[in-house]
There are 2 protein chains.
Amino acid sequence: MPAIDQYLQSHASRFEDELWEFLRIPSVSADPAHREDMHRAAEWMADQLRRMGFTAETIPTAGHPLVYGESPKLPGARTFLVYGHYDVQPPEPLEKWTTPPFEPSRREGHVYARGAVDDKGQVFTHLKSVEAWITVEGRLPVNLKFLIEGEEEVGSRSLEQFLSEQAERLACDCVIISDGSQFAPGVPAINYGLRGIAYYELRVTGPNRDLHSGSYGGAVTNPANALAKILAGLIDEQGRITIPGFYDEVVPLTVRERQEMAALPFEEAKFLEELGVAGAVGEAGFTSLERRWARPTFDVSGLWGGYQGEGAKTVLPASAGAKFSFRLVPNQEPEKVTTGLKWRLAELCPAGVELDLIRLAELCPAGVELDLICHHGAPGVLVPLDSPYVEAAARAIAYAFGRRPVFTREGGSIPIVTTFRQRLGVDSLLLGWGQEDDNAHSPDEKFSLADFQRGIKASARLWEELSTLSLESGKPG
Amino acid sequence: MPAIDQYLQSHASRFEDELWEFLRIPSVSADPAHREDMHRAAEWMADQLRRMGFTAETIPTAGHPLVYGESPKLPGARTFLVYGHYDVQPPEPLEKWTTPPFEPSRREGHVYARGAVDDKGQVFTHLKSVEAWITVEGRLPVNLKFLIEGEEEVGSRSLEQFLSEQAERLACDCVIISDGSQFAPGVPAINYGLRGIAYYELRVTGPNRDLHSGSYGGAVTNPANALAKILAGLIDEQGRITIPGFYDEVVPLTVRERQEMAALPFEEAKFLEELGVAGAVGEAGFTSLERRWARPTFDVSGLWGGYQGEGAKTVLPASAGAKFSFRLVPNQEPEKVTTGLKWRLAELCPAGVELDLIRLAELCPAGVELDLICHHGAPGVLVPLDSPYVEAAARAIAYAFGRRPVFTREGGSIPIVTTFRQRLGVDSLLLGWGQEDDNAHSPDEKFSLADFQRGIKASARLWEELSTLSLESGKPG
C-alpha cells in the first residue's frame, strides 16, 4: 500500500479541486428546473469512471438518470457494488447559508456546500480510491460495480425499478455504501444493522353518526374509548408488545454486541436533555441504545377522533383512528406481525364496535368493527459482527483513521439496503465518513476535508482487505 | 274542575288562534336581524300575563329581554315558578320546510311552525291554564311566577345573570318546566332526573419536538402511547370508572325506579338498529336505559396527536391530547371527581412524560408531564319519585292525558335545572308535552294540537293538585 498511499497524499489537493467541480453542479432532484443539471452531474460521474477504464454509462429512467459502471473483469476475484447518489436536497432557505450552496467554500478544515457530505463528497472517496489503484497498480484487486442514482432524495423509484429488472447484471458479494456518519468526531463507525417496520392504520367505527354523549353515553360503545383500549393493550407494563409470537424470531443481542454498545461514548443524560425528556424509559432490561437499535417497538404516530377544536363538545364520536408502527429487528417478518396483530386485535376489540376489513368477525364478540390498513412493511437487516466483510472494513478503517471503528446499528430503516437484500441477496456495509452535525438537509451543509482524505485512504485499503478474503469462506485466505 | 274544563273546551279554538299569533313572531335569538321581533314576542307574553291580572314586565338585559310576571299574592299558598322561553332556533334551511316556518299551518292534527313545540306551544299551555282559573274562579289556587327568557337557544347568559342577582324575588317551592317530550305518543312522562357532567381536556407532552420513530422509538416515551394507556386505564373491563371513590356518592337506583324503567315501552333492538350498532354494551349489571339515565359514564369526545393525513408518516409525536367527560349522577360532585381524577392520572401516567398544570409531579414517577384542563362541571339532579310534587304532577297528567305518566330520567344535562337548584335551592318538574319526532331544531317543527289542549288541561289540574299539598310536609293536606 505505500505506493498507493503516496499517490493519495500527492494528489489530495487535486481531489479537492475535483470535488469542488462536482459540488458546483446544482443537482437538485426535487426541482424540475434542475433537470439539465441532473444530466450534467450523471455524465460527470460516468466520465470519471470511464477515465479509469470502467465501462460506464448513464441510464435513462422515468426520472433522473442512473450512473452505472463496471471495472475490467478480474477473473477469480470477488465483486463488490458501490452504491451512492449524486442528487442533493433543495438548498432552501438560501438566506441561511453563510456562503452560496453551490459555490463550495473551505472554512476551518471543512468544505461547505450542498451535497458535501450527502452524498457527493462520500461517494467521491470511492472513485478516488479506485483511481489510485488503477494508476499505481494498473488494476483493482477486486471487481467493482458502481451504481449511483439521482433520486435518493425523492424516493429512489427508478432505482427500485432497475434493481427489479437487472438483478443479474448487479450480482455481487456485498454492497458498499458511504452515505452516513461516524459515531462522533474521531470515532469512525460501521453500521451493521437496521430495523425494519410494519406500519398500520386502524379505524374504529361505532354508531352511524356522532351522538350526544349525555343522551347515549354509557349504553353505546365509544369508538375513541375502544381505540384507546386497543392501543394500550398492544404493549404491556414491561414495554413488551403483546402480539402472540411477536418475539419468536427476534435475534437476541449477543454478548459481544452488548459489550460494544456499552463501550460507546454515548452520554444518556445529554441525549435526554437534548430531547427535553426527564427519564430513559422503554422495554425493561435494555439500555437506551439497545432499545433504539436492536429491540422492536410499538409507536403510535397519529391519533384522531371526535372533536379537536377549542373548548368542550359533548360528543360520542362515530369513529376514531390511529396510525402506528412496529419497528422490527431481524428476523421478524412484517407479514407474520400482521397475522399476529389481527389475532391480538380480535382479543382486544370491545363489543359494540364493528370489525370489517380484517375479516375478524368470527373471532370477535358482539360484531365488533375494525378496519386495519397495512401501509408498508420491511424486515430489519443485520450483518453479523463476525462477518469477514465487516472485519475487512474494520481493518481498512483502522488503517486510515488511526483507530478501530465502533459497531453501531440504526433504529430506522434504509429501504435501499432492504432492497439490495431482497433483490440481490447480499448484505450492505454502511461506512459513513460524515458527522451527525454536518447539516445534511439543512443550510451550511459541510464535510470535514480530513475525513474526506481518510475516507479515500480507507476505501483504497478496503479493496485490498476484501481481496484477501478466500472465496469460499469469506475469511482472509 | 268541571267549570274550568268546560271553559278550556269552549275556548280551545281561540287558544289555537292565539298560539298562531305567537308563532308568527320570528323570535330568532341567534339572528341580530330579529332583535325587534324578540322585543315584540316578549311584549306579547307580558301582555298576556297582564291581561290575567299579573304584574308583568319585560326586563332589559345585555341580550334579549326577560319576561317576568307574578300572580296576585295569595297568602298561605305555595309558590311555583313557571320557566320557559320565547326564543326559537333559526329556521334554516328554509327550502326544507313544507310551509313557511313563521306561517303556522295545521296538518293532520298538528301545527307546523318554528317554535311550535320548542318552546312557544308548550309555555303557552301554562298561560292558558292560568287564564281559565282566573276567569272561572277569579283567582289561582297557588302563587305563580312566570320567568320566560329569550336566550335559551343561545346559552341563557342573561338568565344566569338574573338568577344570580334576583334569587330572593324568584323564591318558590318548585320550578315547572315544559320544554321536552313525552316518552312516546300516548305515553306522557315526568322526567325526574338529569345527569351532571365533569368535562376535561388532557394534554400529554413528551419530547421537545416530533421525533423519527425509527431513530428514537423504544427509548423515549411516546405521548400518544401514553395517552392511550391513560384513557384505557380510566375504565375497567366491567365498564366501571377506576377513579378512587368515584362511586361513593352515587345514589343507587331504587327497586321502584328499576321497575318503572323496565316497564317502559323501550325496544332495545330498535334502538340499536337505529344507531347502527350491533350490541348493547356498557356497565355490567345494568340495562341500556339505566346506563343512559342513571349511571355515571366515561366518554372520550376528542382525540388528537401526531400525523392525521393520508398515508404513513413515521413520527413519534411530541404531544397528544384528548377531551373527555364523565357524566355524573346524584350525588356526585364535579370537584370531587376532579380530585380523584388527578390521583388516578398520577397512578396511570407513564414515566418519561412530563406533568405540570395539575401539579402532580410529587405523585408521579420519573417526571411525568400532563396538563389537565377542567372545562366545566355540573352535578346531576334528581327529584325523588315519592316527592309530593312529582305525585301531584302525575295525578294532573293522568287526569288530562287519560293515563298515568311514566317516570323517566335524561342522560344529558339541562344547565338551567342545575342553576335553579343552585340559586333557588329547589327542584324542577320536567313535564314535556311534545314528542321526540317533533323536529325541534329541524325543518317542519310541529306540535300535536291534541297534546297542546291536553297540556293546558293538565296544567290547570296541576295548580289544583299542588294547592292541596299541606305546607309543612308537602303531602296532600
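Here are some notes:
- Criterion violated by B:Glu257 - all others in (1) among the charged types (D, E, K, R); (2) touching a strand residue (DSSP E or B) at 6+ places or on another chain (Cβ under 9 Å); (3) in the same structural domain as B:Thr205 (by TED's automatic domain parsing) satisfied: (3)
- Enumeration of residues in the stretch A:40-65 that are more than 12 Å from A:Glu151 (Cα to Cα) and in contact with a His (Cβ under 8 Å, 6 or more places away or on another chain): A:Thr58
- Checked against (1) more than 12 Å from chain B (Cβ to nearest Cβ); (2) aromatic (Phe, Trp, Tyr); (3) more than 25 Å from A:Arg409 (Cα to Cα), A:Tyr247 meets all criteria but (3).
- Matching residues in the stretch B:259-283 - criterion: being part of a loop (DSSP other than H, G, I, E, B) and within 9 Å of another protein chain (Cβ to nearest Cβ): B:Gly276, B:Val277, B:Ala278, B:Gly279, B:Ala280, B:Val281, B:Gly282, B:Glu283
- Selection count where residues are more than 9 Å from chain A (Cβ to nearest Cβ) and of a type in the set (Gly, Ala, Ser), scope the stretch B:183-225: 6
- Qualifying residue in the stretch B:377-392 (condition: outside the structural domain of B:Ala219 (by TED's automatic domain parsing), at pLDDT 95 or above and of a type in the set (Asp, Glu)): yes
- Here is the figure for the stretch B:133-168: residues that are over 15 Å from the mean Cα position of the chain (by Cα) and without any contact (Cβ under 8 Å) to a residue 40 or more places away in the chain total 4.
- Residues of the stretch B:317-338 classified as outside any strand (DSSP E or B), farther than 13 Å from B:Tyr247 by Cα and under 25 Å from the mean Cα position of the chain (by Cα), total: 2
- Number of the exception - A:Ser413 against (1) within 22 Å of the chain's Cα centre (by Cα); (2) within 14 Å of chain B (Cβ to nearest Cβ); (3) in a strand (DSSP E or B): (3)
- Scanning the stretch A:154-179 for residues that are among the polar types (S, T, N, Q), in contact with a Gly (Cβ under 8 Å, 6 or more places away or on another chain) and under 29 Å from A:Gln453 (Cα atoms) returns a single hit, A:Ser178.
- Restricting the stretch A:307-316 to residues that are facing chain B (nearest Cβ under 7 Å) and assigned to a loop (DSSP other than H, G, I, E, B), the residue that is nearest to A:Val220 (Cα to Cα): A:Thr314
- Candidate set from the stretch A:114-132 (those that are more than 15 Å from A:Asp451 (Cβ to Cβ) and not in a helix (DSSP H, G or I)); member that is farthest from the chain's Cα centre (by Cα): A:Arg114
To keep it simple, each residue is scored yes or no on (1) surrounded by 23 or more Cβ atoms within 10 Å (Cβ to Cβ); (2) in a helix (DSSP H, G or I); (3) more than 14 Å from chain B (Cβ to nearest Cβ).
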position	(1), (2), (3)
A:Gly377	no, no, no
A:Asp386	no, no, yes
A:Tyr389	yes, yes, yes
A:Arg404	no, no, yes
A:Phe407	no, no, yes
A:Phe420	yes, yes, yes
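- Filter result for B:Trp304 (without any contact (Cβ under 8 Å) to a residue 24 or more places away in the chain and either within 26 Å of A:Tyr199 (Cα to Cα) or more than 7 Å from every other protein chain (Cβ to nearest Cβ) (or both)): yes
- Note on the stretch A:52-64: among residues that are in contact (Cβ under 8 Å) with a residue 60 or more places away in the chain and within 20 Å of A:His126 (Cα to Cα), the one that is surrounded by the fewest Cβ atoms within 10 Å (Cβ to Cβ) is A:Gly53.
- Leading residue by the ranking (nearest to A:Ala77 (Cα to Cα)) among those in the stretch A:155-165 that are surrounded by fewer than 18 Cβ atoms within 10 Å (Cβ to Cβ) and out of contact with any Lys or Arg (no Cβ under 9 Å at 6 or more places or on another chain): A:Glu165
- Of the residues making up the stretch A:284-297, those that are more than 7 Å from every other protein chain (Cβ to nearest Cβ), under 14 Å from A:Gly412 (Cα atoms) and either surrounded by fewer than 24 Cβ atoms within 10 Å (Cβ to Cβ) or among the hydroxyl-bearing types (Ser, Thr, Tyr) (or both) are A:Leu289, A:Glu290.
The values are calculated or read from the model by the stated rules, or taken from the named source; none is laboratory data. Keep in mind the model is a prediction, meaning the values are calculated, not measured. Every residue, glycine among them, receives a Cβ derived from its backbone with ideal geometry; neighbour counts consider all protein chains shown.
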